1. Among the residues of the range 104-155, which ones are outside any helix (DSSP H, G or I) and of a type in the set (D, E)?
2. Those residues that are among the hydrophobic types (A, V, I, L, M, F, W, C), at pLDDT 75 or above and over 24 Å from F5 (Cα atoms), I need them from the range 151-187; list them, please.
3. Residues that are under 11 Å from the mean Cα position of the chain (by Cα) and either in a helix (DSSP H, G or I) or modelled with pLDDT under 80 (or both): does the range 82-102 have at least one?
Amino acid sequence: MLSIFAKSILFITSYIPLYIILFIQYYDFNDSILKQPLLLTLAIIIVVSFILLIVLLNKIKKQKIMLRTIEIRNATMAKETNLTYLLSNIIPLIAFDFTNRQQIISFLIIFFVLLMMYVKYNLTSYNPTTEVLGYTNYFAEIYMNDKKINDIIILSKTKFPHSNTYYNVKGVQVDNNFWIITKTIED
């Protein structure tokens, strides 16, 4: 299972679209980025977030976890999850005025509360940034020896074109309901 730190990275990187939107909103084309502390901070956050996400995903890929004879049934693309995430979390946060200290503090409080909730309730699979990197969310059921184990969300670059297929799966079980699958081999 992933640590709270890894789940926090997934949450923070899910806001990369927000950071980019804010960067564009506050960019003053008449000044150098070095003379605009908010933009410099946002640029650093964007770069560090991407690096952290790529390091985390590479670390997950290199783990030696192999789960054998897993049957994934009724795998369907979770198309609405990231759209819902964008509409419910990113769009409202654009309303903050990041030139006002009180607004920045209010934003940070809301951001921290969202972080705690998303990590506590294991909602870190909702991440539009991973979609940009080629990952897709799926809703699925997992069976072992023809016995249903759980309903889960899968984050994977692997496509699940068949609804009932046995797979040898390499990946990380983030929690009981969320798996990041890095490799599948059909039987």
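The values are calculated or read from the model by the stated rules, or taken from the named source; none is laboratory data. These numbers come from a predicted model, not from an experiment.
1. Matches in the range 104-155: E141, D146, D151.
2. F160
3. The answer is yes; a qualifying residue exists.
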